[in-house]
Each structure stands twice: as C-alpha cells, then as structure tokens.
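Participant: Handing you a structure now.
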Amino acid sequence: MSAISVESLKRDSNSYEIVYRNIKNPRLEFKTGKLIAIVPPDYNCDSLISKYCKWIEDKEDFIQECRNNSAKVILQNRSLKEFRKFITDYISAQPEIKKYKTLRISLRTMKTKWASIKEEKEKIEKLYISINKKMQYLPDYLIRYIIFHETAHLKQKKHNGRFWNIIQNEYKNYREFEKELFVFWFKIEEHQNLKTSIDSKSVL
Ligand SMILES: [Zn+2]
C-alpha cells in the first residue's frame, strides 16, 4: 500500500511540511510529491489531515504510480548548451511570442515548476519566460507541450476551465501529457540525485 495513512502522518510530522501564513483558510498542496499544509499561525493540522485523508491517499497513489513508471522512460541526452539553443529558437518562433518587443528567456534551477511566464505591458511590451533547467532532459514533444501551456497563460492566467479548454483544443489528451511530465520530473530528480552522489564520491 503506497498511501500514507492518517495515523502515520500524525505520528510522523516529517511526512508533511507545515507552512504558517497569515491566511484565513488553511489548505493542503502537493508540491513535487511532498504534502504541504499551508495554515494560519497556531493552527493545529490534525483535523485538516483527517478531513482530506482520502484526497491525500489518492494523490499519494498517483505519485507512487508516477515513480514506478519513471523506470520506463528514457531521458533526453542533450547538453545544457544544446538545450539553450533549442529552447530559445523554439520559443522565439512561436507566433504568440513574436508580437512582444522584448523577450527574455532565462534558464534556472526551479524547485516546483517546469516553467513560468510573465508579461509587462508598460510602454514596451516585454515577455519574461523562465525555463527550468530540468527541461533539458525532456523529449521534444513534452517541451513543446510546456511552451504551449505557458503561452496559453497569456490568454488565461489561472488553471481554470477556460484555460484547460484552450489546452484541450490543441492537445486532446493533455491529461496524459501532464501525467507524463510528473513521471519525467521524478525520473530527472533521481538522475540528478545520483549525479550529485557520484560527484561527492569522486571528491572523496
Ligand atoms: Zn500553468
């Protein structure tokens, strides 16, 4: 059984992270496989965890399934330099992006996202796109999907029904793409952890 039971969550506070914020309504989030409770100061998380235990279990199952599937996928073998050229050329060629006077693409180490997009419309239209360096290991079709997803945010900021309609018009099976991205995320993390441990061994 892959899901973490409520009991084990209660006993082991390391199973989830608590973030205290000045907010009214507490909420639960999964960030790249880890459960996070975002709650008001002095909030006791036990009841929140119990209330959403089914939701937590379903998510845990999904994450476990992605981790299992990560053994089956193959990472793309390109250097960061090759990837930088590929992604810059690809993004610059997109019709929705060509209309911006200034385009900034930055490759970053990002902990929870594949990419992000931000436009600035004061005087000169500027577009900023942040790309997670992890994308270097993705197959081309998933890179294209991520860029499509980000440019769709220029029409609709939030992940609401309208947003997913835009995605679905181009990608009928977008749920499969989203799922595959999770699988690759875990695979890339494993790959990077392995690299770090090999690197640190070579120091010794
Ligand atoms: Zn998005």
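Participant: Answer with yes or no whether ILE49 is in a helix (DSSP H, G or I) and either outside the structural domain of LYS111 (by TED's automatic domain parsing) or modelled with pLDDT of 85 or more (or both).
Facilitator: On the way: in a helix (DSSP H, G or I): yes; either outside the structural domain of LYS111 (by TED's automatic domain parsing) or modelled with pLDDT of 85 or more (or both): yes.
Taking the combined requirement at face value, the residue satisfies it.
Participant: Can you pull out every residue in the range 152-177 that is under 18 Å from MET110 (Cβ atoms) and more than 10 Å from the ligand (Cβ to nearest atom)?
Facilitator: Result: no residue meets the conditions.
Participant: Next question. Within 16 Å of the ligand (Cβ to nearest atom), assigned to a helix (DSSP H, G or I) and not β-branched (Val, Ile, Thr): does that describe GLU190? Let's see the steps before the verdict.
Facilitator: Numbers: within 16 Å of the ligand (Cβ to nearest atom): no; assigned to a helix (DSSP H, G or I): yes; not β-branched (Val, Ile, Thr): yes.
For GLU190, the condition - within 16 Å of the ligand (Cβ to nearest atom), assigned to a helix (DSSP H, G or I) and not β-branched (Val, Ile, Thr) - is not met.
Participant: Taking the conditions exactly as written (farther than 21 Å from GLU82 by Cβ and in contact (Cβ under 8 Å) with a residue 24 or more places away in the chain), does HIS191 satisfy them or not?
Facilitator: no
Participant: With the requirement that a residue be within 11 Å of the ligand (Cβ to nearest atom) and of a type in the set (Val, Ile, Thr), what does the range 116-151 give you?
Facilitator: Within the range 116-151, ILE117, ILE146, THR151 qualify.
Participant: I'd like the full set of residues that are in contact with a strand residue (DSSP E or B) (Cβ under 6 Å, 6 or more places away or on another chain) and buried (at least 17 other Cβ atoms within 10 Å of the Cβ), limited to the range 133-174.
Facilitator: ILE146, GLU150, HIS153
Participant: Another one. Would you confirm, using the coordinates I've provided, whether ILE124 is hydrophobic (A, V, I, L, M, F, W, C), assigned by TED's automatic domain parsing to the domain that holds GLU190 and loosely packed, with under 15 Cβ neighbours inside 10 Å?
Facilitator: yes
Participant: Determine whether the range 59-76 contains at least one residue that is exposed (fewer than 11 other Cβ atoms within 10 Å of the Cβ), modelled with pLDDT under 95 and part of a helix (DSSP H, G or I).
Facilitator: There is at least one residue in the range 59-76 that is exposed (fewer than 11 other Cβ atoms within 10 Å of the Cβ), modelled with pLDDT under 95 and part of a helix (DSSP H, G or I).
The values are calculated or read from the model by the stated rules, or taken from the named source; none is laboratory data. Here the structure is a predicted model, which is why all the values come from computation and not from measurement. All Cβ positions, even for glycine, are placed from backbone atoms using ideal geometry, and neighbour counts span all protein chains on display.
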